[in-house]
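The structure under discussion appears below in the form of structure tokens.
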Amino acid sequence: MNKTAFAELAEYMDLLLDAICVVDQQHRFSYLSPGAQRVFGYTPDEMIDHSMFDFIHPDDHQSTMAIAQQINSGEPVVHFENRYQRKDGSIAHILWSARWSERDQRRVAVARDISKQKQLEHESENLIARLEHMALTDPLTQLPNRALLYDRVSTAQKRAARDGTSLGLLYLDLDKFKFINDEHGHATGDHLLKEVAQRIACAVRATDTVARLGGDEFVVLIDAIPVIDEGVGIVHAVADKICQAMQVPLQLPHGDEIITCSMGMALWPEHGDTIDTLINQADQAMYRAKRKGGNQLSK
């Protein structure tokens with residue numbers, strides 16, 4: 001490789017934010033433009049005659065080797081990304097464009113540091129995830145809200161129709177919540193709701209969804225149950241586990257309380273095709289349970 005040809009351009013290359021790199025067949029740097037220090041954190045002299053794998057993040061060795069072999073075979077590569085470890089220990093995200101020089105028997109590449117863009121992308125993804133979480137989650141209990149419940153039910157209905165199964169809904173209303181909330185204040189009521197939400201979530205199956213609709217009203221989606229009586233039995237079994245979980249006294253600021261709930265159930269497609277119809281059916285059944293004294297399941 002004629003290093004003089006590259007050196008003659010060096011006084012202008014230091015204006016480049018990118019780094020021009022030349023690598024031999026043994027993956028050793030034979031030339032780096034002055035911009036290399038901005039990109040990699042090392043001076044060109046510190047990198048020349050060293051293998052590029054001395055600087056590449058270990059997790060990216062395999063993918064980088066595959067790309068290097070592709071370039072060596074004569075196929076240019078653009079927009080390849082990997083990570084380098086800078087001299088100060090930080091990680092640089094590098095965007096590469098490279099091709100093989102048949103005349104010089106070396107790879108010639110341009111490296112661009114995209115670490116800031118990657119950081120902004122990561123921050124943007126985190127913000128979007130937080131906004132999505134806020135839009136689909138009840139802020140007090142961190143359970144799915146009505147919007148996410150509707151989406152889960154819609155997905156469950158499609159899966160059940162495909163697989164020839166059914167699904168059930170339990171509508172729960174706490175029997176003593178209004179009295180405790182009025183008597184001991186909203187802070188106690190909020191504490192109660194968070195504890196109850198956790199107990200319900202721990203009582204159901206991993207495939208089920210517990211959602212808070214508002215106030216002291218919760219809905220449990222019981223997914224993928226048989227269409228025969230066994231499916232009804234599964235819904236009853238989930239309801240029984242919830243009742244058992246509620247028997248342990250809750251430790252509230254004013255003292256211990258046993259909080260029971262009234263539950264109503266509905267089955268798809270037996271009690272309706274739409275989520276609103278199913279919720280209404282289960283809601284009405286819940287009120288029947290409450291009129292009977294509460295702390296029970298009605299259908």
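Any idea which of ILE242, ILE279, ILE259 is closer than 17 Å to ASP216 by Cβ, touching a Leu at 6+ places or on another chain (Cβ under 6 Å) and either in contact (Cβ under 8 Å) with a residue 60 or more places away in the chain or assigned by TED's automatic domain parsing to the domain that holds VAL196 (or both)?
Exactly one of ILE242, ILE279, ILE259 is closer than 17 Å to ASP216 by Cβ, touching a Leu at 6+ places or on another chain (Cβ under 6 Å) and either in contact (Cβ under 8 Å) with a residue 60 or more places away in the chain or assigned by TED's automatic domain parsing to the domain that holds VAL196 (or both), namely ILE259.
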ask   = What number of residues in region 23-52 are part of a loop (DSSP other than H, G, I, E, B) and of a type outside the set (A, V, I, L, M, F, W, C)?
value = 12
task = Kindly provide the set of residues from region 130-170 that are in a loop (DSSP other than H, G, I, E, B), in contact with a Leu (Cβ under 7 Å, 6 or more places away or on another chain) and surrounded by fewer than 18 Cβ atoms within 10 Å (Cβ to Cβ), ordered by number.
result = LEU140
task = Scan region 198-216 for residues that are of a type in the set (Gly, Ala, Ser) and under 18 Å from the mean Cα position of the chain (by Cα) and jot them down.
result = ALA206
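Suppose the filter is small (Gly, Ala, Ser) and assigned by TED's automatic domain parsing to the domain that holds LEU192; does ALA92 pass it?
Working: small (Gly, Ala, Ser): yes; assigned by TED's automatic domain parsing to the domain that holds LEU192: no.
Here the answer is no, as ALA92 does not meet what is asked.
Going by what's in this entry, would GLY233 be described as free of Cβ contacts under 8 Å to residues at least 12 places away in the same chain, assigned to a helix (DSSP H, G or I) and more than 32 Å from the chain's Cα centre (by Cα)?
Yes; evaluated as a whole, the condition is true for this residue.
In region 53-86, which residues are part of a loop (DSSP other than H, G, I, E, B) and closer than 15 Å to SER115 by Cα?
Of all residues in region 53-86, those part of a loop (DSSP other than H, G, I, E, B) come to 55, 57, 73-76, 86.
HIS57, ARG86 - these are the residues of region 53-86 that are part of a loop (DSSP other than H, G, I, E, B) and closer than 15 Å to SER115 by Cα.
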ask   = In region 22-76, which residues are surrounded by fewer than 16 Cβ atoms within 10 Å (Cβ to Cβ) and at positive phi?
value = ASP49, GLY74
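The values are calculated or read from the model by the stated rules, or taken from the named source; none is laboratory data. Computed from a predicted model, the values in this text were never measured in an experiment. Cβ atoms come from the backbone with ideal geometry, glycine included; neighbour counts cover every protein chain shown.
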